[in-house]
Amino acid sequence: MASPSIPGPQSAPSDGGAAPAAAAAQPSTPLRDLLVGLFFLAWAATGWLSVATNEQIFSDLYAGLDPGPALMPLLVLGAVTLGAVAILASGLVRLLRGKAGPGTGGGSPAAEEGGLRRHLVPLGLLATLAVYPTIMEAIGYLAATAFFVLGWILALTGWRGLAGRGERGLALAVALVSTALIVGILYLGFVVVIHAPLP
Amino acid sequence: MNRSISIPKFVRLGAAAAVLALAGTMAGATGAAAAGFPDQAITIVVNWPAGGGQDTAARLIADYVAKNTSVPVVVSNVTGAGGAAGIRHVAEAAPDGYTIGIMGSSFVARQYINPNATRLDQVEPLVFFGPDPGALEVRADTGIKTVKDYIDRLKAKPGSITNGNDAPGGSSYIVAALIESKFGVKMTKVPYQGYAPTVAGLLAGEVQSATLPVHQFVDQYKAGTVNILGVASDERHFLVPDVPTFKEQGFDFVAGDWRALFLPKGVPADRVKALEELFYKTMSDPAFVEAGRKAGFVVTPMHAKETAARIVETDEAIYPVLLEAGLVKTNKKQ
Amino acid sequence: MLDPFLQALADILTQPTLLALSLGGVMLGTILGALPGVSSTMALAILLPVSYPMSPEHAMVFLIAVFSASVFGGSISAILVNIPGTPGAIVTQFDGYPLARAGKAGHALSYALFASTIGGMIGLAILVVVAPIIADAAMSFRSPEFAMATVFGLTMLAYSSPGSTFRGILVGALGLLCGMVGFDALTDVPRFDFGFAFLQSGIDIVPLTVGLFGLAEVMRNLGSRQAGAEGVPAIGSILPPWRSLVRLTRPMLRGSLIGTFIGAIPAAGSAIAVAVAYAQEMRLSKTPERFGRGAPEGIAAPEAANNACVGGALVPMMTLGVPGDTMTAVLMGALLLHGLRPGPLLFAENPGFVGVIYGGLFFAVAATLACNLVLIRAIVQVMRTPMHILMIGIAALSVAGSFAIRNSINDVYIMLFFGLVGYVLGLLRLPAAPMAFGLILGPILEENVRRALIVSRGDWTVFIDRPIALVMLLLSLVALLYPVAAMGWRRLRAARNGTGRTEPLRQTDG
């Protein structure tokens, strides 16, 4: 969905277009199956861990007329676990078969998307967002937000592509104005109008 | 290409809007100015979502308190954990008097049920808003017309009547449980999430009776589809003056919810005093009482001391019931 | 019923105060609805005190305008930045956002706007004409019916989400698990709290959707930017050609009907309605693979359903005095403050006031259309913002929005967690929407299943004993089995022709 060249409603999906969309239309690779299976399994394991350490949850299981708070978690966790195992198994089978006969196995998701390096910026954003509330509590919402927004906009501006002072000055102006705009709109909307008690 | 065209326009538009936005910010920041306490906005924290009884009461207070103070009073909903999150938010707020909470009787029950809930000794009662007496309603097609009929029916066949109420610990659950222990009967208690779903459950015929405050059923009572058997308070309810109390029918039974404002522990005494006077004065205003009546509230303001006494009273009444129902999981009394 | 309605309408048009209040309400409602983190309920609650000093008529006209406009407002942010402004707009973004990214934000917004108008009008018309009949039907819903309606909604969603239905269901199951975090609704036992007090408050839908859709999309964009795929989408024409709107008449009508009837069921809410409307369009479409990539029907039908729910939700409030959802609960609270009690007696005692509510809603729907036709031109300019600036703006907005819903900093962390989850889901090519719907519908499902069992004294046949519940259960089964059967059929045909896909393990993406 990330690419701007999503095929329009008139064009058939087989026309290709953006890489992610086209990739999604292809059958899942065995390796991705394994990752998907592990993903679901991780959720299930976390869930089982919590259920297993929760004594209260079982005390009421069929104690009265109510089947109790444990029923649904057990059913859903069971379903997720089975589903995860099924996907893992099918991935494994296909992976092994793929090794036997070349040509059917796909590349790893990391390779097909340009290496792990492409995750650096998104995860960096997540990391700064994780410390942003702490900074917010220390120096206030306005300052922290201005700092965060301006910092990231400047970091993301493609400086190398810009030639000369004029263009760089313009880019800086754009960054400053958009920071003021974003911070202003957020402050107006959330603090002035709806009185959200942001620090 | 596209970008080089769009930037100048973007800058121009943006600059204008940014100036406007900042101007708005400034105006907002310089609004509050006064010496002494209070000199900044007071927040009333409601632990239930917008639209509920607690929320309506808080917004009404916030609206009328403006008559008596120059600082803005805003309502903020901090919801979750069955009401415990909002209470905890207030208990853990800075004890400067600018954060006030509103609580109901479920606060008292919650401290025994949920180990993480705020305990009564962690907060400071401020001003009592008023009671929200419990009542007993049945579908008209059950043919039950008095409290005695109801009790007799249950005595003859325990568990034969399904009653709609809150989850364990909620105020209408407590009323139902109190009826059970007081009269030695057993009903089938069916939990609903809040009052509106309980009303819908009774109207749909899923349950035959309910233990909600009367204002939920005024219309259905007048239309004749629901019988209100009795009000669990000392006096009749002004919304349905023809419905007798339990006492009038020979059953000494008073129960129900109430609402009160409270502060975190540790607010300086002079500030507590100032807030107590401010809110007591606001709630004593006849115009406020009238506005409250319109919304179905009984408004009987009380000072901090009486409020604390009332809370202790509730505590003593419901603790045995919770203990009996196996709901006391923490803070067990010796 | 028509006379007081026309009278009220004439009043609004001839009294400048009423007219101004309604227009003001529409503007405020649109803006607040478009802000992620401000639900329709919050918009109403925030503006409620403004209405205290007004006369009951004025207050109602104003609040109804806010309510109705905020529902459309929610789809503005859904289409432009992939964050549903209100939960009912989640489905609108399935196709609205891809369309906007393809440079047709104006078209997407217009489809949504016209669909909103039609949906709002039809919802109102049905409210005026057959409110008592619908109310009767809605009131025959007990816990077994609620439970099965929820199962039906969940099935429809898993069926309509892109990719494999099986994996969609599993993601939905994760949503169900997220919905169980916090206190159990019926026993107050804490679940999945891992010892954290803040998790006992449960996971709110707003931080989850903001993270899952908004932040995850920002992260994806920043990732692909580095890989060299940068672009500022062109805006193109604002208004779609007339004939493309005319072609959407049927989806809009279908969505409106679905929205009104499902919206009338207390507590079922718009989430099921939009899911059903979307799945319905996808099933009826000759080219279902376009869905999820900017299909106009995928915007029109759920958006019509979402807005028709306004009329639908007013049905139980007006006829029985039972608010169908939190929005109508606030409206009812406002009426109570003015000493008016909605319910069967209001029709008998105060038909004029009922007319005001209907007239106010009618005018609000019309005013939303008029105001936004003008505004769309300005709104789409957001798309002109350079991509990286827009993305950082959305990130900052995500934080503020997820904080505002419950005024809790913990919700910001929850939002960040789901941002990561959404990003990973994208990498694994798993659909994110079922998780959001699992979260919304899971608690309703569990509560009603268990309550049904309490009332039936543990007898599971309660779900097939009652006809409406049985029908919905069967419909869900059909919806689940249909893709399997269809795939088998396609496989068979492909094998015969020798031209089909060699590996039909997944449904086509769409």
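Which sequence of C:Val354, C:Val462 reflects their accessible areas, 1.4 Å probe, from the largest down?
The residues order as C:Val462, C:Val354, largest area first.
With the Cα gyration tensor of the stretch A:116-193 giving a ≥ b ≥ c as the square roots of its eigenvalues, does the rule (a/c under 1.5 for rounded; else a/b larger than b/c for prolate; else oblate) give rounded, prolate or oblate?
oblate
Amide H to amide H under 5 Å from B:Gly230: which residues, 5+ apart in sequence or cross-chain, H placed 1.01 Å off N in plane?
B:Leu136
Sort A:Leu172, A:Leu88 by accessible area with a 1.4 Å probe, largest first.
Largest accessible area first, the list is A:Leu172, A:Leu88.
Need one word for the stretch B:135-249: rounded, prolate or oblate. Basis is the Cα gyration tensor (sqrt eigenvalues a ≥ b ≥ c); a/c below 1.5 gives rounded, then a/b vs b/c decides.
Taking the square roots of the gyration eigenvalues as a ≥ b ≥ c, the stretch B:135-249 is rounded.
Which residues' amide hydrogens lie under 5 Å from the amide hydrogen of B:Val75, considering only partners 5 or more residues apart or on another chain, with H built in the peptide plane?
For B:Val75, the qualifying residues are B:Ile44.
So for the stretch C:314-437, taking the charge dipole from beta-carbon charges (+1 Lys/Arg, -1 Asp/Glu), which of C:Leu320, C:Leu331, C:Ala367 sits furthest toward the positive end?
Checking the options against the dipole of the stretch C:314-437, the answer is C:Ala367.
Enter the accessible area per residue of the stretch B:135-249 (Å², integer; probe 1.4 Å; all protein chains in place).
34 Å²
Relative to the isolated chain, which residues of the stretch B:78-100 have their accessible area cut by 30 Å² or more in the presence of all protein chains (1.4 Å probe, heavy atoms, no ligands or nucleic acids)?
B:Thr79, B:Ala81, B:Arg88
Any chance you could look up the accessible area of A:Phe147 with a 1.4 Å probe, heavy atoms only, rounded to 10 Å²?
That residue has around 150 Å² of solvent-accessible surface.
Using a Förster distance of 45 angstrom, determine the FRET efficiency expected from the C-beta separation of B:Lys155 and C:Val478, and round it to 0.05.
Efficiency for this residue pair is about 0.40.
Report, in deg cm²/dmol and to the nearest 500, the calculated mean residue ellipticity at 222 nm for the protein assembly as shown, where each DSSP H run with n ≥ 4 adds -39500 (n - 2.57) and the sum is divided by the residue count.
Calculated from helices alone, the mean residue ellipticity at 222 nm is -20000 deg cm²/dmol.
Give me P(r) over the protein assembly as shown, computed from all C-alpha to C-alpha distances, binned every 10 Å, as integer percentages.
Once binned at 10 Å, the Cα pair distances of the protein assembly as shown give 2, 11, 20, 25, 22, 13, 6, 2, 0, 0.
Provide the FRET efficiency to the nearest 0.05 for the C:Arg491-B:Thr142 pair, computing r from the beta carbons and using R0 = 60 Å.
Computed FRET efficiency for C:Arg491 and B:Thr142 comes out at 0.55.
Using θ = phi - 60° and the Karplus curve 6.51 cos²θ - 1.76 cosθ + 1.60, what whole-Hz ³J(HN,Hα) does each residue of the stretch B:117-132 get, with Gly and Pro shown as x?
For the stretch B:117-132, the Karplus-derived couplings read 6, 5, 8, 4, 6, 9, 10, 10, x, 10, 9, 7, 8, x, x, 10 Hz, x marking Gly and Pro.
Would you tally the net charge around C:Ala115, using a Cβ to Cβ cut-off of less than 10 Å, leaving C:Ala115 out, and scoring K and R as +1, D and E as -1?
Net local charge, C:Ala115 excluded: -2.
What shape does chain C have by the C-alpha gyration tensor, where a ≥ b ≥ c are the square roots of the eigenvalues, rounded means a/c under 1.5, and otherwise prolate means a/b greater than b/c and oblate the rest?
Note, shape of chain C comes out rounded.
What lysines does B:Lys145 reach when the alpha-carbon gap must be under 25 Å and sequence neighbours fewer than 8 apart in one chain are set aside?
B:Lys155, B:Lys157, B:Lys182, B:Lys186, B:Lys189, B:Lys222, B:Lys247
Using protein heavy atoms only (no ligands, DNA or RNA), what is the total accessible area buried between B and C, 1.4 Å probe, nearest 100 Å²?
Rounded to the nearest hundred, the buried surface is 4300 Å².
Would you list C:Val50, B:Val207 from the most to the least accessible area, probe 1.4 Å?
Heavy-atom accessible area, descending, gives C:Val50, B:Val207.
Check each residue of the stretch C:165-179 and keep those whose accessible area, probe 1.4 Å, is at least 50 Å² smaller with all protein chains in place than in the chain alone; give them in order of residue number.
C:Arg167, C:Leu170, C:Leu174, C:Leu177
Counting only heavy atoms of the protein chains, get the accessible area per residue of the stretch A:116-193 (1.4 Å probe) and round it to a whole Å² value.
The answer is 50 Å² per residue.
Considering the Cα trace of the stretch B:182-334, what is its radius of gyration and what is Dmax, both in angstroms?
18.5, 53
Length gain on complete extension for the stretch B:Gln40 to B:Ala94, per 0.36 nm per residue less the alpha carbon to alpha carbon distance?
18.1 nm
Provide the per-residue ³J(HN,Hα) series for the stretch C:464-475, in order, calculated from phi with Karplus coefficients 6.51, -1.76, 1.60 and θ = phi - 60°, each as a whole number of Hz, with x at glycine and proline positions.
10, 6, 8, x, 5, 4, 4, 4, 5, 5, 5, 4
Name the residues whose placed amide hydrogens come within less than 5 Å of the amide hydrogen of B:Asn165, ignoring near sequence neighbours (fewer than 5 apart) on the same chain.
Amide H neighbours of B:Asn165: B:Val190, B:Tyr192.
R0 = 25 Å: FRET efficiency of A:Glu137 with B:Asp121, Cβ-based, nearest 0.05?
Result of the calculation: an efficiency of 0.35.
For the stretch B:212-226, just list the computed ³J(HN,Hα) in residue order, Karplus coefficients 6.51, -1.76 and 1.60, θ = phi - 60°, integers in Hz, with x standing in for Gly and Pro.
9, x, 4, 4, 6, 10, 3, 5, 5, 5, 5, 7, x, 8, 10
How many percent of the accessible area of chain C is carbon or sulfur, using a 1.4 Å probe?
Whole-percent figure for carbon plus sulfur exposure: 68.
Could you run the numbers on buried accessible area between C and A, total for both chains, 1.4 angstrom probe, in Å² to the nearest 100?
7400 Å²
At a threshold of 8 angstrom on Cα-Cα distance, excluding pairs fewer than six apart, so keeping six or more, what relative contact order does chain C reach in percent?
With pairs under 8 Å counted, the relative contact order is 28 percent.
For the stretch A:116-193, what % of the accessible area comes from carbon and sulfur atoms, probe 1.4 Å?
72 percent
The values are calculated or read from the model by the stated rules, or taken from the named source; none is laboratory data. These figures come from a predicted structure and were not determined experimentally. Note that each Cβ is placed from the backbone with ideal geometry, even for glycine, and that neighbours are counted across all protein chains shown. Side chains are part of the model used for accessible areas, which takes the heavy atoms of the whole protein and leaves out ligands, DNA and RNA. Shrake-Rupley method; radii C 1.70, N 1.55, O 1.52, S 1.80 Å.
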